1. Among the residues of segment 193-215, which ones are modelled with pLDDT of 90 or more and within 17 Å of C24 (Cα to Cα)?
2. When the residues of segment 198-216 are filtered to those that are touching a Ser or Thr at 6+ places or on another chain (Cβ under 9 Å) and buried (at least 17 other Cβ atoms within 10 Å of the Cβ), which remaining residue is nearest to T120 (Cα to Cα)?
3. Answer yes or no: is there a residue in segment 17-24 that is assigned to a loop (DSSP other than H, G, I, E, B), open to solvent by 90 Å² or more (accessible area, probe 1.4 Å) and on the phi < 0 side of the Ramachandran plot.
4. Provide a single number: the residues in segment 72-116 that are in contact (Cβ under 8 Å) with a residue 40 or more places away in the chain, aliphatic (A, V, I, L, M) and within 18 Å of K184 (Cα to Cα).
5. What number of residues within segment 99-143 are in a helix (DSSP H, G or I) and not hydroxyl-bearing (S, T, Y)?
6. Output the residues belonging to segment 86-123 that are open to solvent by 70 Å² or more (accessible area, probe 1.4 Å) and within 17 Å of V197 (Cβ to Cβ).
7. Look at segment 34-69 and say how many of its residues are under 15 Å from the mean Cα position of the chain (by Cα), part of a loop (DSSP other than H, G, I, E, B) and surrounded by fewer than 19 Cβ atoms within 10 Å (Cβ to Cβ).
8. Could you look through segment 172-196, keep only residues that are open to solvent by less than 30 Å² (accessible area, probe 1.4 Å) and part of a loop (DSSP other than H, G, I, E, B), and pick out the one that is farthest from Y32 (Cα to Cα)?
Amino acid sequence: MWQQRLSERLSDERGKRVIFVSHCLLNQNTRYLGGAFRSGTVRELVDAFERDGLGIVQMRCPEQCAWGGVNKRYILRVYGARSTPLYRLLPLLYPLFVWYTRWRYHILARRVVREIADCTRSGVSVEGIVGVGGSPSCGVRTTLDLRRSLDVLANTPIATLNRRTMNEQAIAACRREGEGLFTKTLRRELHRKQLAVPWYEHDLLDEIRGVQAHLRSDA
């Protein structure tokens with residue numbers, strides 16, 4: 001009760017509504033190499049959130065945390081690996097890599113859920129979570145066939161790899177329906193804590209094609 005009384009006495013301009021957003025929508029510097037289509041943010045999404053009076057909570061980039069920093073250096077080792085000894089080990093290493101990724105994502109998901117629960121306890125409504133369609137981690141309705149995408153990159157010589165090849169062959173051509181690894185883990189943790197939050201998806205293909213970004217509901 002004392003917290004409620006203090007909140008009433010110290011009432012201010014906060015709207016008590018927030019939206020949780022995938023990291024790269026507010027910081028394109030964490031995208032995979034060749035995948036940043038803005039210098040900073042997806043501005044039209046930020047403008048829409050601000051018009052709606054929403055506070056924006058930027059979730060940590062799961063791939064940055066699990067795959068070796070901003071440039072995901074663990075993944076970079078696969079690029080052009082067809083002619084190296086590493087290529088023969090990839091079928092053995094891939095299941096271990098996915099297991100490690102899921103373990104790291106579980107830790108991150110629990111942190112996000114604690115933050116969402118704290119907002120709810122504090123009287124702040126969480127209006128949604130925004131993922132990125134076509135992402136192997138943050139896809140909501142569409143994700144990436146990661147193994148297939150890595151195989152494309154491994155079989156493309158570094159000398160011929162360019163941004164167009166990356167986005168057309170390793171990303172767009174390897175999309176599939178389904179959830180990303182982080183989205184799946186976060187949904188499970190939210191369900192475990194009995195927290196119901198709407199999901200939305202920003203489609204990475206909109207950026208690749210230069211289309212005005214808009215959100216798709218997962219309802």
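The values are calculated or read from the model by the stated rules, or taken from the named source; none is laboratory data. Remember, it's a predicted structure, so these values are computed and weren't measured experimentally. Please note: Cβ atoms are built from the backbone with ideal geometry, for glycine as well, and neighbour counts cover all protein chains shown. Ligands, DNA and RNA are stripped out before the accessible areas are found, and what is left, the full protein with its side chains, is counted by its heavy atoms. Shrake-Rupley method; radii C 1.70, N 1.55, O 1.52, S 1.80 Å.
1. W199, Y200, E201, H202, D203, L204, L205, D206, E207, I208, L215 - these are the residues of segment 193-215 that are modelled with pLDDT of 90 or more and within 17 Å of C24 (Cα to Cα).
2. Checked segment 198-216; the qualifying residue nearest to T120 (Cα to Cα) is W199.
3. So far as segment 17-24 goes, no, none of its residues is assigned to a loop (DSSP other than H, G, I, E, B), open to solvent by 90 Å² or more (accessible area, probe 1.4 Å) and on the phi < 0 side of the Ramachandran plot.
4. 6
5. Within segment 99-143, the first condition is being in a helix (DSSP H, G or I), and the residues that meet it are 99-121.
Okay, now just the ones that are also not hydroxyl-bearing (S, T, Y), so 99, 102-104, 106-119, 121.
Residues flagged as in a helix (DSSP H, G or I) and not hydroxyl-bearing (S, T, Y) within segment 99-143 amount to 19.
6. Scanning segment 86-123 gives R110, R111, R114, E115, D118, T120, R121, S122.
7. Result for segment 34-69: 4.
8. Looking at the filtered set, the residue picked out is G178.
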